[in-house]
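Trainee: Below is a structure I'd like to ask you about.
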Amino acid sequence: MSRITQDSHSAGRNGAGNQGPGGRDATGPATSRRGPVVAALMLGMALAALDSTIIATAIPQIVGDLGGFAVFSWLFSGYLLAVTVTLPVYGKLSDTYGRKPILVTGIALFLLGSLACAGAWNMASLIAFRILQGLGGGALQGTVQTIAADLYPMKERPKIQAKLSSVWAASSVAGPGLGGLLTAYGDWRWIFLVNLPVGAVALWLIIRHFFEDNASHDSERARTATAGRRPRVDWPGALAVFACGGLLLTALVQGGTAWPWLSAPSLLLLAGSALCAAATLAIERRAAEPIIPGWVWRRRTISAVNLALGALGLLMVAPTVFLPTYAQTVLGLGPIAAGFVLSVMTLSWPISAAFSSRVYTRIGIRNCALLGIGVAALILLAFPLLPYPGAAWQPALLMLALGAALGLFQLPLIIGVQSSVGYAERGTATASILFCRQVGQSIGAALFGAIANATLNDRLAHAPSAIRSGLPHDLDAVSHALEHAGALTARTADYLRRAVDTTVEHVYLGAAAAAALALLAVLLLAPRRFPVHADARTGGSAADAAASES
């Protein structure tokens, strides 16, 4: 059981009458009310998920009001960069100073950024305030997952993680629609103002009902007390991690879009990230309390999961980025129907994750993950076998199965890592796997974007001479042309649809290769039996031991 006390257990021992004001026990330390805390975590997860997608449908109105069409993509990129590069920093801070101050700070920063975004006066200010939002979003994503692991023993974690996954899926799917409604019937600024009441409730619930027992970080305090010093943060290392991640992700996000891959900006950014990586290694080796400790990569359990979830982030680009384009251009579906083809994956994923404990308690975490990613690879390989043009239910069925497979893969690995460490290391370990998944998504967007452009350019270059003149030259232009297919001949429209079909097939083959990399990372690097820390064993050692066996 977590070292964070819970009223559901303390009430059983002490009686409800012992509860004092603010959830404090009259005869003991402060207690956390698990129900309100879980509600706060779900609201925090909803904030982070909504803000990743709600802005998409409001871009035309934002650009029309503020201008800055050439740089509007930074509304997404800036937020992503800030979230990703701050994850390891917040993970270490939560281990050093506790979860509550970090989560409260993250929510406050997120709400401050939201309020500032609503008052933005030009595109530059809006981008800057989106980055401020991202600084809070990094604390939300990592700390919410860590507190969920603190509150529940290993055998119960699939339930809370499935709830968080459901909130993330529902919010991600609802985001574009909600953004469209707020923009159509109000003003684009409301897409940021709507965060304020939601975040305020989450903040109040955390402050009012979440308490960390002083024993929660006793191992960290004991270690630093033995050394005769107070806990301290490696700020030079934090800045180095921030600079390295920022330069690398900027190169990946903007390369091939804002400038060619082999242009001076891309090469300078990549060279700068390499230099910062070398500086980060040098700083972290000398730091007493490094932001990214060496044990994150020395322990097979964590390093294997980091690599596997990095590959998962890479493969997820195929369905989330390219499937909607396929559904609209090849299948001829509208935006809502195309979104449904993708959303079925977000329905099966949390359901599968919720039931994953029944699988890994029988066959072990490692085998459960291998089963999930192996099935996912086969499903991704099956996508190119779909008939052309096919029916909407066919890719929808594959996405339903893909979500179920990935639910068996991701959640057991996260639980395995969180259960292999104690309280004083759980924030860092959780942040490391989320960081690797985010970096994998950025690499996947760049890599699969290059594959898509190369395939499409090849198809267009080899088009029949009768239709070659006037053909568009990139995926966005092709999608736009097919939206107005009445201006094209039937032969040209069919050729363009087949070109997009081939392009997406190649992307899915690349995603299958990423799934194979994830499978190899688990198969070759992960231990056959995941270790279980004493913190995780409390309250259910038999089930936890069974779950760790291969």
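Trainee: Would you list the helices (runs of 4 or more DSSP H) that sit entirely within the stretch 127-219 and hold 2 or more residues that are among the small types (Gly, Ala, Ser)?
Mentor: 157-185, 195-209
Trainee: Moving on. Select, from Ala353, Ala337, the only residue that is farther than 22 Å from Leu519 by Cβ and small (Gly, Ala, Ser).
Mentor: Ala337
Trainee: Leu331 fails exactly one of the following numbered conditions: (1) in a helix (DSSP H, G or I); (2) buried (at least 18 other Cβ atoms within 10 Å of the Cβ). What is the number of that condition?
Mentor: (1)
Trainee: If you check Ala120 against the conditions, is it more than 30 Å from Thr361 (Cβ to Cβ), modelled with pLDDT of 90 or more and outside any helix (DSSP H, G or I)? Write out each step before concluding.
Mentor: On the way: more than 30 Å from Thr361 (Cβ to Cβ): yes; modelled with pLDDT of 90 or more: yes; outside any helix (DSSP H, G or I): yes.
Here the answer is yes, as Ala120 does meet what is asked.
Trainee: Can you pull out the residues in the stretch 364-377 that are in contact (Cβ under 8 Å) with a residue 60 or more places away in the chain and assigned to a helix (DSSP H, G or I)?
Mentor: Scanning the stretch 364-377 gives Ile365, Arg366, Asn367, Ala369, Leu370, Ile373, Gly374, Ala376, Ala377.
Trainee: In the stretch 387-417, how many residues are in contact with a Ser or Thr (Cβ under 8 Å, 6 or more places away or on another chain) and either at positive phi or of a type outside the set (A, V, I, L, M) (or both)?
Mentor: Residues that pass the stated criteria total 4.
For every residue, the table says whether it meets (1) at pLDDT 75 or above; (2) of a type in the set (A, V, I, L, M); (3) outside the structural domain of Lys92 (by TED's automatic domain parsing).
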| position | (1), (2), (3) |
| --- | --- |
| Leu164 | yes, yes, no |
| Ala169 | no, yes, no |
| Leu193 | yes, yes, no |
| Thr224 | no, no, yes |
| Leu239 | yes, yes, yes |
| Ala243 | yes, yes, yes |
| Leu248 | yes, yes, yes |
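Trainee: Let me ask something else. In this structure, does Ser356 turn out to be among the small types (Gly, Ala, Ser), in a helix (DSSP H, G or I) and touching a residue at least 60 places away in the same chain (Cβ under 8 Å)? Walk me through how you get there before you give the answer.
Mentor: Numbers: among the small types (Gly, Ala, Ser): yes; in a helix (DSSP H, G or I): yes; touching a residue at least 60 places away in the same chain (Cβ under 8 Å): yes.
Yes: the conditions hold for Ser356.
Trainee: Can you tell which of Ala337, Ala354 is surrounded by fewer than 17 Cβ atoms within 10 Å (Cβ to Cβ) and hydrophobic (A, V, I, L, M, F, W, C)? Steps first, answer last, please.
Mentor: On the way: Ala354 fails: surrounded by fewer than 17 Cβ atoms within 10 Å (Cβ to Cβ).
Step by step, each of Ala337, Ala354 is checked, and only Ala337 is surrounded by fewer than 17 Cβ atoms within 10 Å (Cβ to Cβ) and hydrophobic (A, V, I, L, M, F, W, C).
Trainee: Return a yes/no flag: does the stretch 279-286 have any residue that is over 25 Å from Leu447 (Cα atoms), outside any helix (DSSP H, G or I) and at pLDDT below 90.
Mentor: no
Trainee: Could you figure out which of (1) closer than 21 Å to Ile302 by Cβ; (2) touching a residue at least 60 places away in the same chain (Cβ under 8 Å); (3) among the small types (Gly, Ala, Ser) isn't true of Ala391?
Mentor: The one condition Ala391 does not meet is (1).
Trainee: Of all the residues that make up the stretch 138-164, how many are closer than 25 Å to Leu249 by Cα and in contact with a Leu (Cβ under 8 Å, 6 or more places away or on another chain)? First the steps, then the outcome.
Mentor: First, the residues of the stretch 138-164 that are closer than 25 Å to Leu249 by Cα: 138-146.
Those left that are additionally in contact with a Leu (Cβ under 8 Å, 6 or more places away or on another chain): 138-145.
Qualifying residue count for the region: 8.
Trainee: Given the conditions (1) at pLDDT below 90; (2) touching a Pro at 6+ places or on another chain (Cβ under 6 Å), report the number of the one that Glu505 does not fulfil.
Mentor: So Glu505 meets the others, but not (1).
Trainee: Another one. Please state which of the following conditions Ser348 fails to meet, knowing it meets all the rest: (1) out of contact with any Asp or Glu (no Cβ under 7 Å at 6 or more places or on another chain); (2) of a type in the set (Ser, Thr, Tyr); (3) surrounded by 24 or more Cβ atoms within 10 Å (Cβ to Cβ).
Mentor: Result: Ser348 passes all but (3).
Trainee: Let me ask something else. Please specify each residue of the stretch 259-272 satisfying the condition of being modelled with pLDDT under 90, among the small types (Gly, Ala, Ser) and within 27 Å of the chain's Cα centre (by Cα).
Mentor: Ser266
The values are calculated or read from the model by the stated rules, or taken from the named source; none is laboratory data. All of these numbers come straight from a predicted model, not from anything done at the bench. Using ideal geometry, Cβ is built from the backbone for each residue, glycine included, and neighbour counts are taken over all protein chains shown.
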